[in-house]
Amino acid sequence: MPSGVPEARGGLMSFDRTSLIAACARHGRVCRVVVARVRGSAPREVGASMLVWKDGFSGTIGGGRLEHTAMRAARALLDAGGQRVTRHALGPDLGQCCGGSVDLFTTVYDLATARALPDDVVLSGAGDMPLSVARIRAGCTAAGNAPQPQLVDGWMVEPVSSPARHLWIWGAGHVGRALVEVCAPLPDMALTWVDTDSARFPLDVPSQVNTIAAGQPERLVVYAPAAAEHLIVTYCHDLDLELCHRLLAHGFGSAGLIGSATKWARFRSRLGDLGHSPEAISRITCPIGRPGLGKHPHQIAVGVAAEMLEAGSCLAELEGTG
């Protein structure tokens, strides 16, 4: 059966505009720190980024002292605003095992500036745009291609990500929370989390996750993209069944249901009585995850995430050979 920092298909890192807007809406001013240039060995590649706010962060540029130093500097920049480029020698300056150096491009955003960003390519820098950057922009527009993330004459050039996968998690109980914790940071993922009551969501929902409280969650199925992936983990068997019924009528990329073999046998029979064919019903996976890992919520979540990543790798291979 198929939360961060997305990675565009083909391994190209990209600018997650959606998560930045969500973080600014929740936390006010937010610093975005992106790896702008790498020389030699480094923990992350160009385009890897993190968001930093007063009392938290999301994403990673590789951990260790580099990340700690970047977060401290970003928080110092929050009040002043603006942007800056800094260079870090990982061995001599920070005592890390990597022998190279990285340039970091740090920019402060608020909700207005985040929403004003373009939805295709972000060009960030001070002063007049250099001709070299304008040429990259013009070339990408003419060819219809996304540019590589790169630092050019003091300006950062980055393609904006468009999530290729949409995951809907139905239910905010123990398993639902574990699934969100594990799946929200996965690359190239837009995650929607649904439950019957806003009080059932934790206080620290990842900024990139869209939460929806609805008294009748099944009515939201029609708003899910036809190719979305779904995980049904509610507290109510009747709601689970109704969600399966409506998803089979609406269409989906994949769907998984929490439960035992006995529960699934009963559901298959009831879904058949509702008019669904055995072939259609068989597209729903139950149980979810990898049973051999165990039944703890996070063991289930890890199994689900592994299968999602494997499914995504298979899709990328098929697209690469198409």
Is it the case, given these coordinates, that Glu158 is surrounded by 14 or more Cβ atoms within 10 Å (Cβ to Cβ) and at pLDDT below 95? yes
Considering the stretch 37-65 alone, what residues qualify as being aliphatic (A, V, I, L, M) and over 12 Å from Phe15 (Cα atoms)? Val38, Ala42, Val52, Ile61
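I'd like the residue in the stretch 29-38 that is over 12 Å from Ser207 (Cα atoms) and not basic (Lys, Arg) and, out of all such residues, is most open to solvent (accessible area, probe 1.4 Å). Can you show your working first?
Just the residues of the stretch 29-38 that are over 12 Å from Ser207 (Cα atoms), to begin with: 29, 31-38.
Adding the requirement that they be not basic (Lys, Arg) leaves 31, 33-36, 38.
Numbers: Cys31: 0, Val33: 0, Val34: 2, Val35: 2, Ala36: 4, Val38: 49 Å².
Among those residues, the one meeting the criterion is Val38.
Just one of Gly64, Gly59, Gly91 is open to solvent by 20 Å² or more (accessible area, probe 1.4 Å), under 15 Å from Val30 (Cβ atoms) and either polar (S, T, N, Q) or at pLDDT below 90 (or both); which is it?
Numbers: Gly64 fails: under 15 Å from Val30 (Cβ atoms); Gly91 fails: under 15 Å from Val30 (Cβ atoms).
Sole residue among the options that is open to solvent by 20 Å² or more (accessible area, probe 1.4 Å), under 15 Å from Val30 (Cβ atoms) and either polar (S, T, N, Q) or at pLDDT below 90 (or both): Gly59.
Within the stretch 255-287, how many residues turn out to be small (Gly, Ala, Ser) and modelled with pLDDT under 95?
Step one: filter the stretch 255-287 for residues small (Gly, Ala, Ser), giving 255-256, 259-261, 265, 269, 272, 275, 277, 280, 282.
Still in the running and modelled with pLDDT under 95: 259-261.
Looking only at that region, the number is 3.
Residue under question is Gly322, and the condition is that it be out of contact with any helix residue (DSSP H, G or I) (no Cβ under 9 Å at 6 or more places or on another chain), modelled with pLDDT under 90 and within 28 Å of His245 (Cβ to Cβ); does it hold? Quick ask: steps written out before the conclusion?
Details: out of contact with any helix residue (DSSP H, G or I) (no Cβ under 9 Å at 6 or more places or on another chain): yes; modelled with pLDDT under 90: yes; within 28 Å of His245 (Cβ to Cβ): no.
Judged against the criteria, Gly322 is not a match.
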Qualifying residue in the stretch 111-120 (condition: surrounded by fewer than 13 Cβ atoms within 10 Å (Cβ to Cβ), at pLDDT 95 or above and assigned to a helix (DSSP H, G or I)): yes
In the stretch 121-147, the residues that are open to solvent by 20 Å² or more (accessible area, probe 1.4 Å) and within 20 Å of the chain's Cα centre (by Cα): Ala146
Any residue in the stretch 211-228 that's under 18 Å from Gly251 (Cβ atoms): show its pairings with residues that are surrounded by 13 or more Cβ atoms within 10 Å (Cβ to Cβ) and among the acidic types (Asp, Glu) at Cβ separation under 8 Å, as long as the two are six or more apart or on different chains. Pro217/Asp195; Glu218/Glu242
For the structure I just gave you, tell me whether Asp197 is more than 21 Å from Val35 (Cβ to Cβ) and in contact with a Cys (Cβ under 7 Å, 6 or more places away or on another chain). no
Yes/no for Val133 being in a helix (DSSP H, G or I) and either touching a Phe, Trp or Tyr at 6+ places or on another chain (Cβ under 8 Å) or of a type in the set (A, V, I, L, M) (or both): yes
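The values are calculated or read from the model by the stated rules, or taken from the named source; none is laboratory data. Keep in mind the model is a prediction, meaning the values are calculated, not measured. Cβ coordinates were reconstructed from backbone atoms using ideal geometry, including for glycine residues, and neighbour counts include every protein chain displayed. Just so you know, the surface numbers come from the protein's heavy atoms only, side chains and all, with ligands and any DNA or RNA stripped out. Shrake-Rupley method; radii C 1.70, N 1.55, O 1.52, S 1.80 Å.
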